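Q: Got a structure for you, questions after.
The values are calculated or read from the model by the stated rules, or taken from the named source; none is laboratory data. This one's a predicted model, so the numbers in the text were calculated from it and none came from an experiment. All Cβ positions, glycine included, derive from the backbone under ideal geometry; neighbour counts span all protein chains shown.
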Amino acid sequence: MSMQFKCPKCGDKRLFEMMKDVTVESVCSWDESLGNLVYGEQTNGAGEIVLYECDNGHVLRNPDGTLVRDDEEIEAWLKTHQKET
Ligand SMILES: [Zn+2]
């Protein structure tokens, strides 16, 4: 079962996960006519989650004010805000 995200501040339904230190592996080839690399399939490696936010930059926070930064916290956040709607 999936829980629909909805920003309590602006109602935006798109949730963004910001990560850092992510290694991206891309299939690429050189395109002679374009004069640059053309990228195909990309695979994201593990990285560190920095924060979660809506499309308007409202950052998700735990009840104690710290940033939501892992699966457990995002689950708790969604459950809490699901009850309110
Ligand atoms: Zn928002």
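Q: Being loosely packed, with under 10 Cβ neighbours inside 10 Å and either more than 17 Å from Gln4 (Cα to Cα) or modelled with pLDDT under 95 (or both), is that true of even one residue in the range 46-59?
A: Yes, there is a match, as at least one residue in the range 46-59 is loosely packed, with under 10 Cβ neighbours inside 10 Å and either more than 17 Å from Gln4 (Cα to Cα) or modelled with pLDDT under 95 (or both).
Q: State whether the residues of the range 8-24 include one that is surrounded by 10 or more Cβ atoms within 10 Å (Cβ to Cβ), of a type in the set (Ser, Thr, Tyr) and over 14 Å from the mean Cα position of the chain (by Cα).
A: no
Q: Give the range 1-41 a look and list any residue that's farther than 15 Å from Ile74 by Cβ and among the acidic types (Asp, Glu), or say none.
A: Hits for the range 1-41 are Asp12, Asp21, Glu25, Asp31, Glu32, Glu41.
Q: Name the residue that is modelled with the highest pLDDT, counting only residues in the range 1-29 that are touching a Leu at 6+ places or on another chain (Cβ under 6 Å) and away from the ligand (no atom under 16 Å from the Cβ).
A: Ranking the qualifying residues of the range 1-29, first place goes to Cys28.
Q: Just for the range 9-30: of the residues that are touching a residue at least 24 places away in the same chain (Cβ under 8 Å) and β-branched (Val, Ile, Thr), which one is nearest to Val68 (Cα to Cα)?
A: Val22
Q: Let me ask you something else. Hey, any hits in the range 55-72 for a residue that's in a helix (DSSP H, G or I) and over 30 Å from Cys28 (Cα atoms)?
A: Within the range 55-72 (the criterion being in a helix (DSSP H, G or I) and over 30 Å from Cys28 (Cα atoms)), the answer is yes, since at least one residue qualifies.
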